[in-house]
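J.: So that we are looking at the same thing, I have put the structure below in structure tokens.
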Amino acid sequence: MTSAEKRRGGMESTRRVAIIGAGVSGLACIKACLEEGLEPVCFEQHDELGGVWYYTDEPRPNQGATIYKSLVSNRTKEMMAFSDFPQPKEAPPFLPYTQVHSYLREFADKFQLMKYIQFGVQVQHIWRAEDYTTSGKWMVRTAPVAADNNKNTCPQTSLFDRVMVCSGHFSKPFVPKVPGLEEFTGVVVHSRDYNGAESFKGRKVMVVGGANSAGDVAAEVAQVASVVYLSVRDGIWLVPRLAQGGKPRDFFIQRARLNLPEWLKRILLRRQCNACVDHANYGLQLEGCKDPIYGSTMINDEMAFRLATGKVVTRPVVERFTRTGVVFSDGSKIDHLDAVVFATGYNVAIPFIESDILPRDVGDLELYKMMFPARLPHSTLAVIGCVGTIGPIFPVLEIQSRWAARVFSGHCKLPDPPSMQEWLRSNREKCRSKIGRVSLMVCTLPYCEDIAQEIGVRPSFWQLLPRDPYLAYLVYFGPAFPTHYRLVGPHRWAGAARHVKLAVDNTYSATRKSEHKPEHGFSSKVTIVKVMFTSLCVIALGIVIGISY
């Protein structure tokens, strides 16, 4: 349908939405906009969708975070699926990056998203339109990326009703300023530029960092290096992907656990972590190490064995470098160090928007619920994915996209700016009291539940119970799969309930060697008794302490 036909059909008021980036967030935003009757226009500076999951041997121009050839997802495929598009049965429980990218392509093809993406187009600048005060509209200047990858040509400026920034926050590699680093004669790289362990064969290597990338790099390099030193600031909590019996650990992300007191959550998390490796015996707990809820966690299945065999040795924070080595905060030294890999994360960098709208420093960002600039008078700009997660990130990105689209379409309303700023003040105080600084980190399930409540898609145990007790049981006591947010509310998926009942089985379908027929509904007397007993216990608990869920 042409623009003229749309106007004749009374569709001239369709709101145009500029979406910056065609990674996971961008794809989710395109689909969410289409669901809300908006007109998405997505700008992707590279030649392929997928964002960080699009692998190339060398970092692309202006690329932020990268992945390496050995990367495997930290979360199960069901937790890395969009809510109404399950991962294929033939995929293993934990996906190599190639299969994540293939899944994103299939998602785009299924919902016909490709036609809304302009590849090879870079967003140069976004600013308020002349009538922004009354309209809330934005000007977006773009330009095709030139063939030499160094210059842009033919800038074009367009007017948009709404803007979704989906370029992520893993944008600019962060390397701490350590005295003596400039004089160090060994190799210095950031994990962004790491592409395999081959170049470190036989060398003495130090990896700096305490998160997942540091663990991946250290464990892999330790297979070929003479020794790897892992420098961590306050210690880390090592968490394997699999729990007892090979059960994926993210299957323990359950709504039933949300109501547990924090002291009990701490005890359970400590036990889960120490079940893998005694952290004190292997130098993982240093002075000042926080509880697993607020401390640094590293998801890695190989690190415990590397530590036990001496291939990886933990060290405290670096105090200074020498020409050929390093001195640590406890006075210990390493001489004849060949290479240092900084797996120290990224700075937030959104350079195409004025800093008074999106400041460059994390501590100055004022995003209501990690999405909407709190001081803007209009709810016409949303930042998607500028957040770190304790838990799977796919559900967060999708639920953010759906909420932003609902706000842009007028179906959801945000509080007034003073109320949003009060939320910011309260959230910052919580961050400082718990982790000592302002952070963009959120716990996946509580955060998603909060946003789902705003949209009207949060499943209720009590509402599901009379309709389908088994489904209610799975939603509340089973893994909190993204599909749960398609059971009720706007844009529900007709196949959601069935998939919730099959999701666990789907996780293992590729690794089972014999056909397995899962239980459906109440085909088992044991299931009936379990559901009825659990439901009665929850009902009794709700009556006694007044929980309404």
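J.: Report the label-to-label distance for R105 and K247 in nanometres (one decimal), using points 7 Å from each Cα along the Cα→Cβ vector.
T.: Using points 7 Å along Cα→Cβ, the separation is 3.6 nm.
J.: Kindly write out, for the range 212-219 in residue order, the coupling ³J(HN,Hα) from the Karplus curve 6.51 cos²θ - 1.76 cosθ + 1.60 (θ = phi - 60°), rounded to whole Hz, with x marking Gly and Pro.
T.: With coefficients 6.51, -1.76 and 1.60, one gets 5, 4, 4, x, 4, 5, 4, 5 Hz.
J.: For the chain, what relative contact order do you get, as a whole percent, if you take Cα pairs closer than 8 Å and at least 6 residues apart?
T.: Relative contact order for the chain comes out at 18 percent.
J.: Here is a further query. Assign unit charges at the C-beta atoms only (+1 for Lys and Arg, -1 for Asp and Glu), then state the dipole size of the range 78-162 relative to its Cα centre in Debye, rounded to the nearest 20.
T.: 220 debye
J.: Please report the carbon-and-sulfur percent of the accessible area for the range 175-344; probe 1.4 Å, protein heavy atoms only, DNA, RNA and ligands left out.
T.: The C+S portion of the solvent-accessible surface of the range 175-344 is 49 percent.
J.: Which whole-Hz couplings ³J(HN,Hα) result when phi for each residue of the range 181-190 is put into the Karplus expression 6.51 cos²θ - 1.76 cosθ + 1.60, θ = phi - 60°, listed in order with x for Gly and Pro?
T.: So the J values, rounded to whole Hz, are 4, 5, 8, 5, 8, x, 6, 10, 9, 9.
J.: Leaving out ligands, DNA and RNA but keeping every protein chain, what accessible area does H378 have, in Å² rounded to the nearest 10, with a 1.4 Å probe?
T.: Approximately 50 Å² of H378 is accessible to the 1.4 Å probe.
J.: Rg and Dmax in Å for the range 187-268, alpha carbons only: what are they?
T.: Taking only Cα atoms of the range 187-268, I get Rg and Dmax of 17.0, 50 Å.
J.: For the range 346-466, what is the convex hull volume of the alpha-carbon atoms per residue, in Å³?
T.: With only Cα atoms used, the range 346-466 gives 129 Å³ per residue.
J.: Still on this structure, I have one more. To one decimal place, what Kirkwood hydrodynamic radius in Å is obtained for the range 175-344 from all pairs of distinct Cα atoms?
T.: Final number for the Kirkwood radius of the range 175-344 is 16.8 Å.
J.: Suppose we keep just the DSSP beta bridges with both residues in the chain; what percent of those would be antiparallel, to 5?
T.: Roughly 40 percent of the DSSP beta bridges within the chain come out antiparallel.
J.: Explain nothing, just compute: Karplus ³J(HN,Hα) = 6.51 cos²θ - 1.76 cosθ + 1.60, θ = phi - 60°, for every residue of the range 317-326 in order, whole Hz, x for Gly and Pro.
T.: 5, 6, 8, 6, 9, 10, 4, 10, x, 8
J.: Kirkwood hydrodynamic radius (Cα pairs, Å) of the chain?
T.: One decimal place: 25.2 Å for the Kirkwood radius.
J.: What does the highest-first list of 245-253, 429-437 look like by mean Cβ count within 10 Å?
T.: Result, highest mean Cβ count within 10 Å first: 245-253, 429-437.
J.: How much FRET efficiency would the formula 1/(1 + (r/R0)^6) give for T14 and D57, where r is the Cβ-Cβ distance and R0 is 56 Å, rounded to 0.05?
T.: Efficiency computed from Cβ-Cβ geometry: 0.85.
J.: Under a plain spin-label model, where a point goes 7 Å from the Cα along Cα-to-Cβ, how far apart in nm are C443 and R323?
T.: 5.2 nm
J.: For the range 281-347, what does the equivalent ellipsoid look like in terms of its semi-axes, each the square root of 5 times an eigenvalue of the Cα gyration tensor, given largest first in whole Å?
T.: 22, 16, 14
J.: What does the accessible area of T134 come to, in Å² to the nearest 10, when a probe of 1.4 Å is used?
T.: Estimated to the nearest 10 Å², T134 gives 120 Å².
J.: Could you check the spin-label model distance between V187 and S158? Points 7 Å from the Cα along Cα→Cβ, value in nm.
T.: If labels sit at V187 and S158, their model points lie 4.3 nm apart.
J.: Please work out the average accessible area per residue across the chain, using the 1.4 Å probe convention, and give it in Å².
T.: In whole numbers, the chain has 46 Å² accessible per residue.
J.: Further, regarding this structure: Taking one equal scatterer on every alpha-carbon of the range 49-142, how large is log10 of I(q)/I(0) by Debye at q = 0.15, 0.19, 0.20, 0.25 1/Å?
T.: The Cα Debye sum returns log10 ratios of -0.77, -0.99, -1.04, -1.27.
J.: When the chain is fully extended, how far beyond the present Cα-Cα distance does L268 get from R498, taking 0.36 nm per residue of separation?
T.: Full extension of this stretch gives 79.7 nm more.
J.: Which length gain, in nm to one decimal place, applies between F305 and Q223 when the Cα-Cα distance is subtracted from 0.36 nm times their residue separation?
T.: 28.4 nm
J.: Past 30 Å, Cα to Cα, is the threshold; run K172/K413; K137/K177; K77/K513; K77/K204 against it and keep the listed order.
T.: Those over the limit are K172/K413; K137/K177; K77/K204.
J.: Return the long-range amide H neighbours of M298 (sequence gap of 5 or more, or a different chain), with a cut-off of under 5 Å between placed amide H atoms.
T.: W237, L238, V239
J.: Order of 178-186, 403-411 by packing, highest average Cβ count within 10 Å first?
T.: Final packing ranking: 403-411, 178-186.
J.: Projecting each Cα onto the charge dipole of the chain (Lys/Arg +1, Asp/Glu -1 at the beta carbon, about the Cα centre), which of T324, A452, V189 comes out farthest on the positive side?
T.: Projecting each Cα onto the dipole axis, the largest value belongs to A452.
J.: Follow-up question, since we're still on this one. When the helices in the chain are scored as -39500 (n - 2.57) per DSSP H run of 4 or longer and the sum is shared across all residues, what 222 nm value do you end up with, to the nearest 500 deg cm²/dmol?
T.: The helix contribution divided over the chain gives -9000 deg cm²/dmol.
J.: Also, I was wondering about something else. Take the residue pairs K69/K89; K369/K430; K110/K369 and return only those whose Cα atoms are more than 20 Å apart.
T.: Those over the limit are K69/K89; K110/K369.
The values are calculated or read from the model by the stated rules, or taken from the named source; none is laboratory data. This structure is a prediction, so every number in the text was calculated from the model and none was measured. Don't worry about glycine lacking a Cβ; one is built from the backbone with ideal geometry, like all the others, and counts go over all protein chains shown. Protein only, heavy atoms only, side chains kept; ligands, DNA and RNA dropped before computing areas. Shrake-Rupley method; radii C 1.70, N 1.55, O 1.52, S 1.80 Å.
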